[in-house]
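See below for the structure under consideration.
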């Protein structure tokens, strides 16, 4: 007690202290008497300052103990205090003389008993469910055959060996392992960072982005699995664009990530079975589908071939299809030559009729009449206007004469071309072209014979070939070929060739 006042009040031997002396002595007494202690109680109000320090109360049914966790200590807490949660806090008891208060500097927080953990879990579950993170419509479908699978787990446990072994047996795939702590205070932040990190990878990059994520851990107590009940893990899983399969614990273990993930697997081995199909079963199914497709295609071809054969039997023969066109062509060819000749004669007659109106005497009389009319009109007009009018009319006449000459020439050219075209068509469709193909025209007495009945009435014929005509007469039978004279009643038919 070195800071005693030098001059005590006379008649009193009680020493006097300053306020700082008392505060310091109380602080030393508290820290020396209690040291590092553990306190159990219910979390009261919780306040996090802008500086990052955490202030909260631990209370029971009678008293309240103020607690402080500094900014550097908050990250090491395995459980963040929440109002109403029963916890066991560990720290050092100290005093704050500026406000005459004592408090507990807490550096470790744990939940007091499994019942409190379940109450906290139920509270978080209701909060996340109210935000819609458990809704079935937001769950993404798993890819049927992922190319790359990301696994978030401990790299040294049996879980990763079981997953790799199951994938190798069913359908080998590329696996990216993100090592994390699967229990303790580092579990939740590392798992959340792993899920976020997989989503930030570039598809098809040097380290490709996985098509599916498996978050796996073996079984354990609720305290061991508590990292997967943290809110940051649930929110990271809900925000993942890659489908997530949760395989935490055994079939009876349930964590928050199971409700938020897109699919829950009872065990890590079951997660591998959900991730990929069985390769041999897929190959067998593919072969079966290929056989079915081949059979279906063969049956379809056979049915269509049979249908085609049935329809082909109902079609007429190609020769019968050409019979009618051949007959029409023959009829038109026979009628073409007379029609062309009549057309030429009609055109010639029209030309003669038109030329009769253009006799020189009529033209001279017409010109004379026009000249007389012109002289009578010119005598009544002055010379200069008349001359101008005459020049104008002469120009008009010259232009009209040129147009008339051009039109007449063009008309004659068109008629000549039309006549040449008709003549070429006549030659093309004439029977002369038919003679070039080996046919012949048989005439008798100037008439064309087309039937055997007509030919039987004549004894001599004129046969026209492509290179000329051949005349035939009655033939005298040879003695070597006929011993009996012909009957008088039978007329001599002659020979066509």
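The values are calculated or read from the model by the stated rules, or taken from the named source; none is laboratory data. This structure is a prediction, so every number in the text was calculated from the model and none was measured. In this analysis, Cβ positions are derived from the backbone assuming ideal geometry, glycine residues included, and neighbour counts consider all displayed protein chains.
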For segment 27-59, how many residues meet the condition of being in contact with a helix residue (DSSP H, G or I) (Cβ under 6 Å, 6 or more places away or on another chain) and part of a strand (DSSP E or B)?
1
Please verify whether segment 80-96 includes one or more residues that are farther than 18 Å from residue 232 by Cβ and in a helix (DSSP H, G or I).
no
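Rundown of residues vs (1) exposed (fewer than 10 other Cβ atoms within 10 Å of the Cβ); (2) modelled with pLDDT of 90 or more, yes/no style:
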{"residue": "264", "(1), (2)": "no, yes"}
{"residue": "280", "(1), (2)": "no, no"}
{"residue": "298", "(1), (2)": "no, yes"}
{"residue": "325", "(1), (2)": "yes, no"}
{"residue": "347", "(1), (2)": "no, no"}
Got a number for residues in segment 60-72 being outside any strand (DSSP E or B) and closer than 12 Å to residue 91 by Cβ?
1
If you take the residues of segment 208-227 that are modelled with pLDDT of 90 or more and either outside the structural domain of residue 197 (by TED's automatic domain parsing) or not in a loop (DSSP other than H, G, I, E, B) (or both), which of them is farthest from the chain's Cα centre (by Cα)?
217
Has segment 168-188 got any residue that is in contact with a strand residue (DSSP E or B) (Cβ under 8 Å, 6 or more places away or on another chain), exposed (fewer than 15 other Cβ atoms within 10 Å of the Cβ) and closer than 16 Å to residue 243 by Cβ?
no
Do any helices (runs of 4 or more DSSP H) entirely within segment 367-456 hold 2 or more residues that are free of Cβ contacts under 8 Å to residues at least 12 places away in the same chain and farther than 30 Å from residue 472 by Cβ, and if so, which?
383-429
Matching entry among 64, 87 (being touching a residue at least 40 places away in the same chain (Cβ under 8 Å) and assigned by TED's automatic domain parsing to the domain that holds residue 51)
87
Among 93, 120, 85, 104, the single one that is over 46 Å from the mean Cα position of the chain (by Cα), crowded, with 18+ Cβ neighbours inside 10 Å and at pLDDT below 80 is 120
Among the residues that make up segment 229-241, is at least one of them assigned to a loop (DSSP other than H, G, I, E, B), more than 25 Å from residue 173 (Cα to Cα) and without any contact (Cβ under 8 Å) to a residue 40 or more places away in the chain?
no
Verdict on residue 146 being part of a loop (DSSP other than H, G, I, E, B) and either in contact with a strand residue (DSSP E or B) (Cβ under 9 Å, 6 or more places away or on another chain) or within 24 Å of residue 225 (Cα to Cα) (or both)
yes
Hey, does segment 309-318 have a residue that's outside the structural domain of residue 437 (by TED's automatic domain parsing), at pLDDT 85 or above and surrounded by 10 or more Cβ atoms within 10 Å (Cβ to Cβ)?
no
